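The values are calculated or read from the model by the stated rules, or taken from the named source; none is laboratory data. Note that the coordinates shown come from a computational prediction; the quantities given were computed from them, not determined experimentally. Cβ: placed from backbone, ideal geometry, glycine included. Neighbour counts: every protein chain shown. With ligands, DNA and RNA removed, areas are computed over all heavy atoms of the protein, side chains included. Shrake-Rupley method; radii C 1.70, N 1.55, O 1.52, S 1.80 Å.
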Amino acid sequence: MVEAAQQTYPKTVREYFDNSYKFTSSGNRVLGVFTPAEGVAEGQQVVVLDKSILHPQGGGQPNDEGHLSQGDTKFVIAELKIKDDVVMHIGKFEPAEATFAEGSEVDCHVDEAKRRLFARVHSAGHLLDVAMMKAGRTDLKPSKGYHFATGAYVEYIGAVEASEREALVATLNEKCAQIISSTPAEMNVFKKMCTYEEAQEQLAGAGGVPSYIAEGTPLRVLKLVADDLGCPCGGTHVEHVHDIQ
Ligand SMILES: [Zn+2]
């Protein structure tokens with residue numbers, strides 16, 4: 001059972017938090033391989049590691065594609081989920097009868113082209129938030145984001161008069177271009193795993209840590225550019241705003 005099995009695993013160290021452009025990683029220790037009673041397709045198994053560069057679906061962003069390997073044995077990932085901070089690598093072994101021994105080490109491989117694309121599409125959502133602020137439309141509150149490559153969008157809560165819509169789109173496009181062109185080459189995207197208190201300081205301009213995050217919870221803060229007020233985010237991003245183009 002997934003629920004029963006995964007409770008015994010420590011939180012997965014998520015290497016993509018530090019570097020979105022790390023596409024292979026070695027020395028990942030196998031903490032468990034199991035077949036859950038439900039939630040996976042026939043023949044699929046779950047691999048749990050101590051650390052992983054693979055990003056599970058979440059925050060409106062699709063999961064990475066990739067595989068794990070150990071010698072001639074490959075584990076092709078079909079899906080990645082996260083439960084209680086444990087990343088579940090779901091997929092199938094090649095050859096089918098192979099497995100990874102608990103305690104052994106595997107290499108993680110992420111599909112580089114897809115990771116770069118997913119990071120760009122998702123980062124563009126953050127860019128739009130900054131552009132909206134710079135356009136003076138702080139009355140429009142970002143809500144849901146969908147950052148899949150086909151049909152990505154960010155939903156804002158509020159109203160824009162029909163007569164203003166065309167002009168707002170033009171302004172937002174202009175602001176996005178300005179933000180990108182005015183950011184110096186040496187200024188990378190800011191991302192940091194923070195204590196709750198640190199996050200309060202980092203997000204002071206944005207009204208502090210949002211109320212949906214329980215007090216005391218550590219969180220990752222993301223600021224795309226210097227004057228981004230920031231938000232909590234566990235996704236994969238471009239390393240520099242120039243990479244969005
Ligand atoms: Zn993000």
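Going down the table (LYS81/LYS144; LYS81/LYS192; LYS83/LYS134; LYS11/LYS192; LYS92/LYS192), which pairs top 25 Å between alpha carbons?
LYS83/LYS134; LYS92/LYS192
If exposed chymotrypsin sites (Phe, Trp or Tyr not before Pro) are those in a DSSP loop with at most 16 other Cβ within 10 Å, what is the longest stretch of the chain that has none?
On the way: sites that count: TYR21, PHE148, TYR212.
Longest site-free region, per DSSP loop and neighbour criteria: 22-147.
Rounded to the nearest 500, what is the 222 nm mean residue ellipticity of the chain from helices alone, with -39500 (n - 2.57) per DSSP H run of 4+ residues and division by all residues?
Counting only the DSSP helices, I get -7000 deg cm²/dmol.
Taking Cα atoms, how many degrees apart are the long axis of helix 165-182 and the longest axis of the chain, rounded to 10 and kept between 0 and 90?
With rounding to tens, the tilt is 70 degrees.
When Rg is the radius of gyration of the Cα atoms in the range 2-110 and Rh is its Kirkwood radius, what does Rg/Rh come to?
Rg divided by Rh gives 0.92.
Please work out the Cα center distance from the range 14-63 to the range 77-113, rounded to the nearest Å.
5
Roughly how many nanometres apart are two label points built 7 Å out from the Cα toward the Cβ at THR99 and LYS11?
Here the modelled spin labels are 3.0 nm apart.
In nm², what is the average projected area of the convex hull enclosing the Cα atoms of the chain?
Details: hull surface 59.2 nm².
Approximately 14.8 nm², given one-decimal rounding.
Can you check what the net charge comes to around VAL189, using other residues whose Cβ is under 11 Å from the Cβ of VAL189 (Lys, Arg +1; Asp, Glu -1)?
Values: positive: LYS191, LYS192, LYS223; negative: ASP228, GLU239, ASP243.
Value of the local net charge: 0.
How far, in degrees from 0 to 90, does helix 112-134 lean away from the longest principal axis of the Cα atoms of the chain, to the nearest 10?
Helix 112-134 sits at roughly 30 degrees to that axis.
Remind me, relative contact order of the chain in percent, using alpha carbon pairs under 8 angstrom and six or more residues apart? Spell out each step's value before the answer.
Working: 477 pairs, mean separation 46.8, N = 245.
The normalised contact order for the chain reaches 19 percent.
Could you put ILE157, ILE82, ILE213, ILE53 in order of accessible surface area, largest first, with the 1.4 Å probe and the full protein assembly present?
Output order, biggest surface exposure first: ILE157, ILE82, ILE213, ILE53.
Calculate, for the chain, the solvent-accessible area per residue in square angstrom, rolling a 1.4 angstrom probe over the heavy atoms of the protein chains.
Result: 51 Å² per residue.
Can you give me the distance in nm between label points at LYS51 and GLN245, each placed 7 Å from the Cα along the Cα-to-Cβ direction?
3.4
Grab the Cα-Cα distance for ALA41 and GLN200, subtract it from 0.36 nm times how many residues apart they are, and report the gain in nm with one decimal.
Between ALA41 and GLN200, full extension yields an extra 53.1 nm.
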